[in-house]
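Heads up, the thing below is written out as structure tokens.
The values are calculated or read from the model by the stated rules, or taken from the named source; none is laboratory data. All values derive from a computational prediction rather than experimental measurement. Cβ placement follows ideal geometry from the backbone for every residue including glycine, while neighbour counts extend to all protein chains displayed. The area values use the complete protein model at the heavy-atom level, side chains included, leaving out ligands, DNA and RNA. Shrake-Rupley method; radii C 1.70, N 1.55, O 1.52, S 1.80 Å.
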Amino acid sequence: MPVSSVFDQLESLLPHVQKPVQYVGGELNSVVKDWDSVSAHWVLMYPDAYEVGLPNQGVAILYEVLNEREDTLCERTYSVWTDLEKLMRRDGVPQFTVDAHRPVGAFDVFGLSFATELGYTNMLTAIDLAGIPLHAADRTLDHPFIVAGGHAAFNPEPIADFIDIAILGDGEEAVIALTEILVQWKSEGRPGGRDEFLIRLARTGGFYIPRFYEVEYLEDGRIRRVTPSHPEAPWRVSKHTVMDLDNWPYPKAPLVPMAETVHERASVEIFRGCTRGCRFCQAGMITRPVRERSIETVGKMVQNAVEVTGFEEVGLLSLSSADHSEIQGIAKDLADIYEGTHTSLSLPSTRVDAFNIDLANELTRNGRRSGLTFAPEGGSERIRAVINKMVTEEDLIRTVTAAYSAGWRQVKLYFMCGLPTETDEDVLQIAKLAKEVIRAGREVTGSRDIRCTVSIGGFVPKPHTPFQWAAQLDHETTDHRLHLLRDEIRQDRNYGKAIGYRYHDGKPGIVEGLLSRGDRRVGKVIETVWRNGARFDGWQEHFSFTNWMEAADAALADTAVDVAWFTTRERQHDEVLPWDHLDSGLDKEWLWEDWQDSLNEESVEDCRWTPCFDCGVCDQMSTSIQIGPTQGTVLPMPVLKKSLSVTHGS
Amino acid sequence: MARKAPDREIIPVVQRVRLQYAKRGPLKFSSHRDFQRAFERAVRRIGVPMAYSAGFNPHPKISYANAAPTGTASEAEYVEIGLASPVDPAKLLAALQQSMPRGLDMVDAVVARTPDFVERLEASIWEIALPGANADEVEQGVSLFLAADDIQVSRMTKNGLRTFDTRGAVLHLSVEGTQTTESGLVCVILRVVVRHLTPAVRPDDVLSGLSHVADLVFEVAPRITRIAQGPLAESGNAVSDPLGPDRHTVDHE
């Protein structure tokens, strides 16, 4: 039966809301298929506003991978702002897709990508607006299967009640595997109800079905054990790793929105994974090993993106873009191709060294050198040893002076507050560093017209990292240190005015900490706070700390645990962590040793250039590092000369 | 050490092309800035030889005229582009029709041969569909509206709440019958001719005026379409094609 559009109902509401264009779809390269022409219907969501969700690469890639299949259609939905939510509830308009404005509740699979845990309340809004029961246990064959992916899915326990399935790791092959199992099960007439489909997924070892696991607790509140409650559910569920990114050159036809979004550019991922070993960095731990895209494929993808989107900027994405083994060739060749055009290139994630400045200079041949960003993360040499961010003060000063001499006027420095073992003094060192940056910058440029911005936020310990056992710093102390630093910078007569200071207060970090390292008991907190009105928790103007703390008090009242237990408590070696049955490939003993090394201020090298130090990933997942150099080049694509121009005066 | 803007060859504008486009279906909810983004990207995709402004952030030479408000459909929007080398307007039109998102539909393209295009846009014809309204009540309201000399309405603008007359700009207002939407909503159809004045009187201001004089409440949001804009015909209730003068002027070779 065809599923019809709800646009006609929606149309009457849109004149009354902010930025209605975000709800109408019609983006270039979007796809609408006939409902009855396919057997699998997917809807993907990035659970935030359209302007944030549309540029998300994960959703964009899977949208294309799924729509390339003849037997599948895939549409997208985003969080509706509270003004539209109110009107939709009033008029009974369901959560809809932007592609064909079909009701989300009609799809077979509803996949959500969580880059951050602060999207959990938005997920509940969408499920509820779609008319789907909030709890997986209450769903029937009439409802979609809800799948969580993205980095937060490496500990989906806090949302275990609300999702049917979690997928860890790269989604490309996993969504295909899921679709094939779905199509088969549907073609058999959906035998055995929802459970049968979920069992078929669980059997593969690559899909986590929370309801097939039972969690038991000790009297003191810690987890006693997590065991499969279904005979066919595996003891541990593995992450997915796509090998050979050259075979997966997505997105091939990036979506081009009409509405303004947070990233107005096309993105090309140049490699996946990172083995720098920064101990705070969940992304670097859970995406191992490093897999590079070859220089040829990167070149083709960039040129294709420019041709099919018309964006003026292409970002070369990865966790540390200057680390690509052939980045120099990529930067030079692309800069040659686009010199004198109106296309610019950017490297959003870069490291602190002079090589970077050469790259940045190369990529900005075309345009303005406004600002460069570096992330020393910690203010003192000591704390940088703790977090394994091996940057010396000399490195930093050499790098920024190279930047200022090359004409860059503004340098932005990222830091974290609340790192393990940190003292007030470690944080105050940031002020010293920033002043030294300005002093050295003035010296090399002979100009006072240079600036440096210090940007700092609270550190949140994450699962599957060496800091998964660490105590998070309480928000009072975080705020105290941030204020000390602010005063230290502002009071300086010589340099204070040249240093900008941006900080995020510690409270949202506590909620993020609760959701990151929480277990199934936290689900009730999320539901309670959502029922009390929590929406868009990643947005300062919507986030309410009080609302969260009151909900936590109420929801955890009959347990032995509270918010502090989940956040500011240090865990011991023998504690069962809520995500221990979810396999990122990292060996728990290796993580523990790295945690101990961290406390001893000992650093670890990068395994791309030194022998393997047995983090466990490659062995456990049967994967290996894939890096160049391939000795290739970026080949300019033959440009089809457009026949628009006419010869005049003939 | 201040850097200079990169040396790009500054190519003068050798040709201007005026384009008419429509804003249809769901994309009526795109704003003027949304169209701008979509248009600039389309022009880049198909390789139109645009002339650019100079400086650090060169912009393609594109001028927009009198865009319809967000949420309003239109059959008659206009944009003018400056080109660094001449193009065949028919080929340009075909390429843009291919490249623009569906719903932002290019309708016509002519080489600019006359000055003062914007001044030619003297008035607009709007069609307003009022879902669920009562035709007789609206008809009475129209009579009251036309009988009044001055109808003050207020609208929130970027500069705060403004109060202005909405009657003076209205040259024609009539009920044209009823229509039924896809989902079965019956709409009363109004035709309005509004002169472009400062401050601009928009079709929703006319509706505010109508609600005000006739005590009418439009519960479901009206659906508004600009049918045409251009030089006022002598009758005062029609406009002519603003691209006409460019079409009919012959180049002096």
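Does B:P86 count as in contact (Cβ under 8 Å) with a residue 60 or more places away in the chain and either farther than 23 Å from B:E119 by Cβ or not assigned by TED's automatic domain parsing to the domain that holds B:S30 (or both)? Answer is yes for this residue. Only residues that are away from every other protein chain (no Cβ under 14 Å) and open to solvent by less than 10 Å² (accessible area, probe 1.4 Å) were counted across the stretch B:122-139, and they come to 3. From the residues in the stretch B:91-109 that are within 21 Å of the chain's Cα centre (by Cα) and polar (S, T, N, Q), which one is farthest from the other protein chains (Cβ to nearest Cβ)? Out of the qualifying residues, it is B:Q97.
Mind telling me which of the residues A:L14, A:L10 ends up being touching a Pro at 6+ places or on another chain (Cβ under 6 Å) and not assigned by TED's automatic domain parsing to the domain that holds A:A153?
Numbers: A:L10 fails: touching a Pro at 6+ places or on another chain (Cβ under 6 Å).
Within the list A:L14, A:L10, the selection yields A:L14.
Tallying residues that are among the polar types (S, T, N, Q) and in a loop (DSSP other than H, G, I, E, B) within the stretch A:328-369 yields 6. A:W408 satisfies every condition listed in (1) more than 26 Å from A:I286 (Cβ to Cβ); (2) part of a helix (DSSP H, G or I); (3) aromatic (F, W, Y) except (2).
Figure legend. Inter-residue proximity from the stretch A:230-248: first residues open to solvent by 50 Å² or more (accessible area, probe 1.4 Å), second residues part of a strand (DSSP E or B) and not hydrophobic (A, V, I, L, M, F, W, C), beta-carbon distance below 6 Å, spacing 6+ or different chains. Indicated pairs: A:R236/A:D583.
Within the stretch A:9-18, the residues that satisfy the criterion of being crowded, with 19+ Cβ neighbours inside 10 Å, more than 7 Å from every other protein chain (Cβ to nearest Cβ) and assigned to a loop (DSSP other than H, G, I, E, B) are A:L13, A:V17.
Rundown of residues vs (1) farther than 26 Å from A:V226 by Cβ; (2) modelled with pLDDT under 95, yes/no style:
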site	(1), (2)
A:R569	no, no
A:Q572	no, no
A:P578	no, no
A:D583	no, no
A:D587	no, no
A:L599	yes, no
A:T610	yes, yes
A:D614	no, yes
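Could you tell me which of the residues A:F96, A:F107 is within 13 Å of another protein chain (Cβ to nearest Cβ), under 26 Å from A:L182 (Cα atoms) and open to solvent by less than 10 Å² (accessible area, probe 1.4 Å)?
On the way: A:F107 fails: within 13 Å of another protein chain (Cβ to nearest Cβ).
Answer to the selection: A:F96.
Tell me, which residue of the stretch A:19-53 that is part of a strand (DSSP E or B) and of a type in the set (F, W, Y) is nearest to the other protein chains (Cβ to nearest Cβ)? Lay out the reasoning, then the answer.
Taking the stretch A:19-53 and keeping what is part of a strand (DSSP E or B), we get A:28, A:40-46.
The next check asks that each one be of a type in the set (F, W, Y); those that pass are A:42, A:46.
Numbers: A:W42: 22, A:Y46: 20 Å.
The residue in question is A:Y46.
The set of residues in the stretch A:171-229 that are surrounded by fewer than 16 Cβ atoms within 10 Å (Cβ to Cβ), free of Cβ contacts under 8 Å to residues at least 24 places away in the same chain and not in a loop (DSSP other than H, G, I, E, B) comprises A:E180, A:Q184, A:D195, A:E196, A:E214, A:E216, A:T227.
A search for C-beta distances below 9 Å between a residue of the stretch A:94-116 that is in the same structural domain as A:G25 (by TED's automatic domain parsing) and any residue that is open to solvent by 20 Å² or more (accessible area, probe 1.4 Å) and β-branched (V, I, T), counting only pairs 6+ apart in sequence or on different chains, returns A:D99/A:V31; A:D99/A:V32; A:A100/A:V3; A:A100/A:V32; A:R102/A:V3; A:P103/A:V3; A:A106/A:V3; A:F107/A:V3. For A:D505, the conditions (1) open to solvent by 40 Å² or more (accessible area, probe 1.4 Å); (2) within 14 Å of chain B (Cβ to nearest Cβ) all hold with the exception of (2). Picking from residues in the stretch A:326-336 that are open to solvent by 20 Å² or more (accessible area, probe 1.4 Å) and not acidic (D, E), the one that is nearest to A:T350 (Cα to Cα) is A:Q328. Residues in the stretch B:176-201 that are surrounded by 18 or more Cβ atoms within 10 Å (Cβ to Cβ) and either closer than 25 Å to B:D150 by Cβ or more than 14 Å from every other protein chain (Cβ to nearest Cβ) (or both): B:V188, B:I189, B:L190, B:V192, B:V193, B:V194, B:V201. Determine if the stretch B:198-205 includes at least one residue that is basic (K, R) and at pLDDT 95 or above. No, every residue in the stretch B:198-205 fails to be basic (K, R) and at pLDDT 95 or above. Looking only at residues in the stretch A:335-356 that are away from chain B (no Cβ under 14 Å) and charged (D, E, K, R), the one that is farthest from A:V411 (Cα to Cα) is A:D336. Cβ separations smaller than 9 Å between residues 6+ apart or across chains give no pair from the stretch B:46-58 residues that are facing another protein chain (nearest Cβ under 7 Å) and over 26 Å from A:V308 (Cβ atoms) to residues that are hydrophobic (A, V, I, L, M, F, W, C) and part of a strand (DSSP E or B).
Does A:F154 qualify as being in contact (Cβ under 8 Å) with a residue 60 or more places away in the chain and in contact with a His (Cβ under 6 Å, 6 or more places away or on another chain)? When the stated conditions are applied, A:F154 passes them.
Looking only at the stretch B:166-175, residues that are assigned to a strand (DSSP E or B) and open to solvent by less than 50 Å² (accessible area, probe 1.4 Å) come to 5 in all. Consider the stretch A:419-464 and keep the residues that are within 14 Å of chain B (Cβ to nearest Cβ) and assigned to a loop (DSSP other than H, G, I, E, B). The one that is least open to solvent (accessible area, probe 1.4 Å) is A:I450. When each of A:A560, A:A564, A:A555 is tested for being under 23 Å from A:Q282 (Cα atoms) and either touching a Cys at 6+ places or on another chain (Cβ under 9 Å) or small (G, A, S) (or both), the lone residue that passes is A:A564.
If only residues of the stretch A:298-325 that are in contact (Cβ under 8 Å) with a residue 60 or more places away in the chain, among the hydrophobic types (A, V, I, L, M, F, W, C) and away from chain B (no Cβ under 11 Å) are counted, the one that is surrounded by the fewest Cβ atoms within 10 Å (Cβ to Cβ) is A:L317. Within the stretch B:72-99, restricting attention to residues that are of a type in the set (S, T, Y) and assigned to a loop (DSSP other than H, G, I, E, B), the residue that is surrounded by the most Cβ atoms within 10 Å (Cβ to Cβ) is B:T72. On the stretch given as the stretch A:589-619, residues that are surrounded by fewer than 19 Cβ atoms within 10 Å (Cβ to Cβ), over 24 Å from A:M243 (Cβ atoms) and either touching a Gly at 6+ places or on another chain (Cβ under 8 Å) or not hydrophobic (A, V, I, L, M, F, W, C) (or both) total 8.
Just one of the listed residues (A:I330, A:I286, A:I295) is more than 20 Å from A:D246 (Cβ to Cβ), away from chain B (no Cβ under 14 Å) and among the hydrophobic types (A, V, I, L, M, F, W, C), namely A:I286. Selection of the stretch A:517-539 for residues being out of contact with any Leu (no Cβ under 7 Å at 6 or more places or on another chain) and over 29 Å from A:E570 (Cβ atoms) yields A:R531, A:N532, A:G533, A:R535, A:F536, A:W539.
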